[in-house]
Amino acid sequence: MRTPISYFVVVSAMLFAIGTIGVLVRKNALVIFMSVELQLNAVNLALVSFSRMHNNLNGQVLAFFSMVVAAAEVVVGLAIIVTVYRRRQSASVDDATVLRG
Amino acid sequence: MLDLVWLIPALPLAGATMNLFAGRRLGRRAGWVASAAIAAGFVVAVLVLLDMASLPGDERAHAVELFEWISAGSFAVDWTLRVDPLAITMALVVTGVGTLIHLYAVGYMEHDPRVGRFFAYFNLFASFMLMLVLADNYLVLFLGWEGVGLCSYLLIGFWYERPAASSAAKKAFITTRVGDAAMLLGLVLIWVHTGSLDFDTVLGGAGSLSNTVATTISLLLLAGAVGKSAQLPLHVWLPDAMEGPTPVSALIHAATMVTAGVYLVVRSHALFEASSVALPVVLVIGLVSALYAALASIGQFDIKRALAYSTMSQIGFMFFAAGMGFYSGAMLLLVCHAFYKALLFLTAGNVLHGLDDEADLRRMGGLRTDMPVSAVWFAIGALALAGIPPLAGFFAKDHIVGFAASSGREAVWVLASVGAFLSALYIARPLFLTFFGQRRNQTNSHEASRAMNAPLAVLAFLSVVGGLVLGLTAEGGRLELFLEPVLGVPEHGEAFIGEVALLTVSVALAFAAVGVGFWVWASGRVNWQAFPERQPELAGWLANAFYVNALYAWIVQHPGKGFGRSLTVVDDLVIDGAVNEVGTEVGRASRLAPRIQRGFVRSYALAFLLGAVALLLFLAVRL
């Protein structure tokens, strides 16, 4: 028996909500970063699920793309976080408010 | 050899390019490069002439197609040069006299720091002028026409640090532009009515044009010619153009460019003949300009301005001849005038050089002791212009005045003779005021260098023998016979007085004018300096050339300035007001915007989320 698609979509929505709340409430840049990854993976899950539902491989292909892009983004993002940390001895995003109007 | 005609304009163009890019490095050698370039053009022109002379008269016209220029639908113009007796005559004058003036300029411009640029412009001018005279269609001619206008502007304003020079340059450019705009309209009309701009097609088919069309086209072309040749009413730029270096005045504003208008009329004579009124208009403009400028010249005290008005008067004579249908006579005067007027201008350059740029005739006098060679040159040039036989001007002027006698209208002949008398008078004046009479200047004048006098010797020689060689053979003028295949045989009427009587009158007038000139300005028996005080009104009319400048200022300049001022008000209040108001408002808004940019990344993320939610809700509701 196949697991209904709605299960996957609900899990995906929950993961996305957790990720979003994490981005909004946490101060530590590293944790925010992890939350963003959570959101990305939630979306990947939704893509794969719907792809399965429609018997169309496009969604799965797009999921691979987003993984590759996420991997590349992690490299750049972590490098920035490390550099910011070295400079200010803190990874709190609330301290980094130089770019304000 | 005829196919190599493209070399004639190309060589000076190459010289111009070289001087433009390497002029600074060449330094004083720039002049030699430029002279060599145009002299090479002269050699090619002579070879073309020899080649042409070996052909029978009716096979001498030759079109050399170089490449396709414009091809847009039914409108097609090729880059074609034309070799025929008329074109080659002009090309020989431009390159021949041009070479001599280039050589003179090497000495004249010796101490100028921008000599490379000067010769680049000078060569460029020669190239455009040759393009103009060698063109086979009206568009190539127009390109050369505009090109010489540009070079004239650049060279009048060559000493642009002087406000007078730069505004004279603008005046020349804008005034001729009035005529050029009309000429461009004429070209459009030519194309509309004949479907071509080639000389052969247009002029060959001119007879089938209706009188109205032919008249409109001819008068539009004439407007261009009048602007370029400084005839009434577009003449005001020429006297001011004397602000340029003297070789420029000699080459551009005496020998070549200003005669382009005559060339245009002569070249397009079939169009003018197809109209019933165009040629009489040419005649009247020429005659009135000749008389007007002759009187104005007598009132000038700046030697170059006096010569400028004399140029205008001589070109008036050329238009006058063309207006009578005596095209070859106009060309003979054009060629001879190029010789003696270039000589006169360059000698005036010697005088300016010798007197540290003193140009006022009232502060010259008696210079023949200090500058004996220049005095001889100026005397030859002046007597040639005055029409003393057997110098060049005598033949040219005598042919035209004689033709006027056979035109059937005695009044025209009388006016032409008056013009001839005044010409002799106005040119005797600078001759006697500069070189004869008492010295009125105590500065040390000195004779020009040998390098400067050498080209003048050639010009003086040409001024002496030019008329004999070109204007005299048993069957008529040699130049006139040479040009016959292009210009046809002028229709002679029966002269109302005999040939001998005509000659006597003409020569007597010339001698009388020179005699009067000597008596007034050189004998010391007439107090000519008191003339402005005794006759202030007449002197004012003459010195200010009948106040045409003031009239134009009143008609064009003042309303223009008023209009400009009213536009300034609109500009300040409406346009600037709108722009400033927009700026102020944007500034105010931009001071509000930063308040939402606090720099907290999480608040941005929240805004982002809310936006996404709002967008989703909107989509959900709509679906």
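Observations on the model:
- Out of B:Ala206, B:Ala165, B:Ala135, sole residue that is farther than 25 Å from B:Thr256 by Cβ and crowded, with 18+ Cβ neighbours inside 10 Å: B:Ala206
- Residues that are within 14 Å of chain B (Cβ to nearest Cβ) and not hydrophobic (A, V, I, L, M, F, W, C) are absent from segment A:3-15 altogether.
- Of the residues making up segment A:1-16, those that are among the small types (Gly, Ala, Ser) and closer than 12 Å to A:Asn41 by Cα are A:Ser12, A:Ala13.
- Tallying residues that are within 14 Å of chain B (Cβ to nearest Cβ) and not β-branched (Val, Ile, Thr) within segment A:47-87 yields 1.
- The single condition from (1) within 14 Å of chain A (Cβ to nearest Cβ); (2) closer than 30 Å to B:Lys171 by Cα; (3) of a type in the set (A, V, I, L, M) that B:Leu567 fails is (1).
- Conditions (1) surrounded by fewer than 17 Cβ atoms within 10 Å (Cβ to Cβ); (2) in a helix (DSSP H, G or I); number of the one not met by B:Trp69: (2)
- Test result for B:Phe173, of a type in the set (Phe, Trp, Tyr), buried (at least 16 other Cβ atoms within 10 Å of the Cβ) and touching an Asp or Glu at 6+ places or on another chain (Cβ under 9 Å): no
- The residue pairs whose first member lies in segment B:53-73 and is under 15 Å from B:Val5 (Cβ atoms), whose second member is modelled with pLDDT under 85 and of a type in the set (Val, Ile, Thr), and whose beta carbons are closer than 8 Å, counting only pairs six or more residues apart or on different chains, are B:Ala61/B:Val486.
- Within segment B:490-525, the set of residues being modelled with pLDDT under 80 and either among the β-branched types (Val, Ile, Thr) or touching a Lys or Arg at 6+ places or on another chain (Cβ under 6 Å) (or both) comprises just one member, B:Ile497.
- In the set (1) free of Cβ contacts under 8 Å to residues at least 24 places away in the same chain; (2) under 30 Å from B:Thr215 (Cβ atoms), the condition left unmet by B:Asp357 is number (2).
- Taking first residues from segment A:20-41 that are within 11 Å of chain B (Cβ to nearest Cβ) and partners that are among the hydrophobic types (A, V, I, L, M, F, W, C) and surrounded by fewer than 19 Cβ atoms within 10 Å (Cβ to Cβ), the Cβ contacts under 6 Å between residues at least 6 apart in sequence or on separate chains come to A:Val23/B:Ala605; A:Leu24/B:Ala605; A:Leu24/B:Leu606; A:Ala29/A:Ile81; A:Ala29/A:Ala91; A:Gln39/A:Phe16.
- A single entry from B:Val569, B:Val601, B:Val613 fulfils the requirement of being more than 30 Å from A:Asp94 (Cβ to Cβ) and free of Cβ contacts under 8 Å to residues at least 24 places away in the same chain: B:Val569.
- Segment B:583-606, residues that are outside any helix (DSSP H, G or I) and among the charged types (D, E, K, R): B:Arg598
The values are calculated or read from the model by the stated rules, or taken from the named source; none is laboratory data. Worth saying up front: this structure is predicted, and the values here are computed from it rather than measured. Cβ sites come from the backbone with ideal geometry, for glycine too, and all protein chains shown count toward neighbours.
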